[in-house]
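The values are calculated or read from the model by the stated rules, or taken from the named source; none is laboratory data. Every value quoted in this text rests on a predicted model; they were computed, and no experiment measured them. For neighbour counting, all protein chains shown are included, and Cβ atoms are generated from backbone atoms with ideal geometry for every residue, glycine included. The area values use the complete protein model at the heavy-atom level, side chains included, leaving out ligands, DNA and RNA. Shrake-Rupley method; radii C 1.70, N 1.55, O 1.52, S 1.80 Å.
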Amino acid sequence: MKATRTILSLLLALCLLAGMAGCAAAGGDEETDSPAESGETDATESGAASANPGAELTALELTVQMGNGIDLGNTFEAYGRTTYGTGADPVLYETFWGAPETTQEMIQGMKDAGFDTLRIPVAWTNTMDYESGDYTISEAYLERVHEVVGWAIDAGMFVILNDHWDGSWWGMFGSATESTVEAAWELYESMWTQVGTYFNDFDYHLIFESANEELGNRLNDTDVCADSGTLSTDECYETMNAINQKFVDVIRSLGGYNSDRFLLIAGYNTNISDTLDDRFQMPTDTAESKLLLSVHYYDPTGYALNGSVANWGRESEVRTLINDLASLSKFTAQGYGVIIGEWGVLRGAGELAEDQMDYYSLMIAVCEYNNLVPVLWDTGGMYNRSECKLYLEEVEEFFVSHSYSWQSENVTADEIDLEARTVMSEQISLGKQKDEEAVVANADEVTAWIMYNSADWGTTYSVGDSYDPMSITTGVVATDATVTGDGTYTVSLDFTGTSAGYAEGTVFCALGLYNAEILFPGCVVEITEVAVDGTPIELADGQYTTTDDDKCTRVNLYNSWITATPSVIRTVSGSSDWNAMIITSEQLGTMHTLSVTFNFYTAD
């Protein structure tokens, strides 16, 4: 790990030398018990709440105990229904996407590797013949999930149980057919009535989550409901708020532990920005301080999610992560616990990306500082399910040192806070160093380049108003241009050196001119040719010159997010017409090279 080891890492090393490592053999021994379970450490001293959650605990107190977690991904949400039907052996669904059958040793190994919380995504309609109006989940399927939940709770973990993608039945809520919408409501209520009833014997270590990423735009999915897509964005917010309220009402009506069980409410698309929108509302609850909010975090997408960008850690990236997670104080300030139900840097099994441990270090530090629960998304890339341990010792040491079980025995709340602030400060400093080392445009020059993101988000180059040639997919060759005044210039991207050997379509493409607003105020750009693999394509009318930050000049080629006239528009003809998509995604299909030729005019 590049970041300097501080309090927690040093203390962990001392404990490892003393034979007190957190990864014990399955079955456990006395040394792996948390202090509140053993009675050895006072809660006030360690900054931790009781390790036995009960009715008196609040959501914010619970999130301290939940530590950090891991997802049992691509397992119970694997959708084998179309292959096996609804009456198969539950293990067939569980292993349909290639995951091994879950074992008690596997779950214990996750606990020993530093994870205090296990999130179990489930596709409940695997055994539900919902098309015919039968919403019954098979007893065998419920029993199998119940068994795994029991193993995790026996290991001393908290468990989050949700409905996860589930074949995209959620699009029924956006159907144009009223009876289909009514069926969606019936399915949802029946599903949670069955799950809530079957799992009601588990205490407060079990948390139900209302949905995954489906509450939001995916209410309009057409995968299984061809006439879906009727909901406006406002209506999607209204519907998802109603679904979350139904979830709370159903679980509370079941009594027992469910009358005040902790419930996790899915945010809009589980996206932080979308969930901060005032149109998203947390549901009302008859139980006091028992609601938590679920969001996911895979930013920046090119680095964290799809690996199209090899490096991370520039100052702007560090500050973005810090600020994004800090913005969730909108909910913690109201007493809601917040869980980052999925996050990570997704790579192959046992692989570490460049800067990945720096990313992990900052993510965990910011979560600890803001009392958020990070739950690592894993489908077998980090955790070896055959060996029942994390692939890399460095990674396991890191997570053990940040587990609730370890911290509550070895450090105080003040020390955790100090560690978090130290990591954030160090990462900002490292980010500044990386900025200084990066090749950036000279402040006295105007640099032109193609901002580009492919349709599959797998290929990218310097997207954003700050020219950043280091933000590039491995193998892409960019030819940028220095603009010195009036004239014709060409910039290009060559994708033949990437792993695929090409780029596929576009989700965003623009011509950027860094510093042009400063050095040539009032300038106008006229794109004269866009060529794919050397062949010019037809351009639509309405191109315009604009700026977002009064520094970088931009001409959008394909930008579907622009829905209102920009505040600053300049055109060669002086027309007020504008078009943020002068090319189509179809025109930029499978391409090996992309070039843009333009005329640059300084102001009169």
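Just one residue in the set G156, G167, G174 is under 19 Å from T233 (Cα atoms) and at pLDDT 95 or above; that residue is G174.
Checked against the criterion of being within 22 Å of G337 (Cα to Cα) and either modelled with pLDDT of 95 or more or of a type in the set (K, R) (or both), segment 217-226 contains not a single residue that satisfies it. Just one of the listed residues (G458, G464, G485) is over 23 Å from L539 (Cβ atoms) and over 31 Å from the mean Cα position of the chain (by Cα), namely G485.
Among the residues here, G380 does not qualify as touching an Asp or Glu at 6+ places or on another chain (Cβ under 8 Å), at pLDDT 95 or above, crowded, with 18+ Cβ neighbours inside 10 Å and not aliphatic (A, V, I, L, M). Being under 24 Å from A59 (Cα atoms), surrounded by fewer than 16 Cβ atoms within 10 Å (Cβ to Cβ) and among the acidic types (D, E) is the requirement here; does E288 meet it? So E288 passes the test. For segment 321-351, the candidate set comprises residues that are closer than 17 Å to I70 by Cα and of a type in the set (A, V, I, L, M, F, W, C); within that set, the residue that is surrounded by the fewest Cβ atoms within 10 Å (Cβ to Cβ) is A349. Could you identify the single residue in K389, K434 that is among the basic types (K, R), within 30 Å of N556 (Cα to Cα) and surrounded by fewer than 20 Cβ atoms within 10 Å (Cβ to Cβ)? None of the other options fit; the residue is K434. Quick one: which of T193, T230, T222 is within 24 Å of the chain's Cα centre (by Cα) and of a type in the set (V, I, T)? Selected residue: T222, the only one of T193, T230, T222 that is within 24 Å of the chain's Cα centre (by Cα) and of a type in the set (V, I, T).
Checked against the criterion of being modelled with pLDDT of 95 or more, under 17 Å from A266 (Cα atoms) and open to solvent by 30 Å² or more (accessible area, probe 1.4 Å), the candidates E131, E238, E209 yield just one match: E238. For segment 196-212, a tally of residues being free of Cβ contacts under 8 Å to residues at least 60 places away in the same chain, of a type outside the set (S, T, N, Q) and assigned to a loop (DSSP other than H, G, I, E, B) returns 4.
Looking across segment 89-111 at every residue that is closer than 17 Å to W406 by Cβ and open to solvent by 10 Å² or more (accessible area, probe 1.4 Å), the one that is farthest from the chain's Cα centre (by Cα) is identified as Q108. Here V463 fulfils each of the conditions (1) farther than 29 Å from V507 by Cα; (2) in a loop (DSSP other than H, G, I, E, B) apart from (1). Put simply, of S425, S408 the only residue that is outside any loop (DSSP other than H, G, I, E, B), buried (at least 18 other Cβ atoms within 10 Å of the Cβ) and polar (S, T, N, Q) is S408.
Applying the set (1) open to solvent by less than 10 Å² (accessible area, probe 1.4 Å); (2) out of contact with any helix residue (DSSP H, G or I) (no Cβ under 7 Å at 6 or more places or on another chain); (3) on the phi > 0 side of the Ramachandran plot to G255 leaves exactly one unmet item: (1). Listed conditions (1) small (G, A, S); (2) free of Cβ contacts under 8 Å to residues at least 60 places away in the same chain; (3) closer than 24 Å to Y237 by Cα are all met by G150, apart from (3).
Using the structure shown, decide if I583 is closer than 28 Å to A500 by Cβ, of a type in the set (V, I, T) and in contact with a Cys (Cβ under 8 Å, 6 or more places away or on another chain). So I583 fits the description; yes.
For segment 318-336, indicate whether the set of residues that are among the hydroxyl-bearing types (S, T, Y) and more than 25 Å from L206 (Cα to Cα) is non-empty. Yes. Going through segment 300-320 one residue at a time, which ones are open to solvent by 20 Å² or more (accessible area, probe 1.4 Å) and outside any loop (DSSP other than H, G, I, E, B)? Listed by number, the residues that qualify are T301, E315, S316, E317, R319, T320. Of the listed requirements (1) touching a Leu at 6+ places or on another chain (Cβ under 8 Å); (2) farther than 29 Å from S499 by Cα, V532 misses just one: (2). Criterion applied to E342, E315 was being touching a helix residue (DSSP H, G or I) at 6+ places or on another chain (Cβ under 7 Å) and acidic (D, E), and the one residue passing it is E315.
Quick grid of which residues meet (1) over 23 Å from V532 (Cα atoms); (2) in a loop (DSSP other than H, G, I, E, B); (3) open to solvent by 30 Å² or more (accessible area, probe 1.4 Å); (4) without any contact (Cβ under 8 Å) to a residue 24 or more places away in the chain:
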site	(1), (2), (3), (4)
K551	yes, yes, yes, no
A564	yes, yes, yes, yes
S567	yes, yes, yes, yes
V572	yes, yes, yes, no
N579	no, yes, yes, no
T584	no, yes, yes, no
L588	no, yes, no, no
V596	no, no, no, no
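The set of residues in segment 29-49 being open to solvent by 50 Å² or more (accessible area, probe 1.4 Å) and either at pLDDT 50 or above or not in a helix (DSSP H, G or I) (or both) consists of D29, D33, G39, E40, D42. Looking for something over 17 Å from the mean Cα position of the chain (by Cα), open to solvent by 10 Å² or more (accessible area, probe 1.4 Å) and not aromatic (F, W, Y) - is there at least one such residue anywhere in segment 262-271? Checking segment 262-271: not a single residue is over 17 Å from the mean Cα position of the chain (by Cα), open to solvent by 10 Å² or more (accessible area, probe 1.4 Å) and not aromatic (F, W, Y).
Just wondering, is there one or more residues in segment 157-170 that are in contact with a His (Cβ under 8 Å, 6 or more places away or on another chain), among the aliphatic types (A, V, I, L, M) and surrounded by 17 or more Cβ atoms within 10 Å (Cβ to Cβ)? Yes, segment 157-170 contains at least one residue that is in contact with a His (Cβ under 8 Å, 6 or more places away or on another chain), among the aliphatic types (A, V, I, L, M) and surrounded by 17 or more Cβ atoms within 10 Å (Cβ to Cβ).
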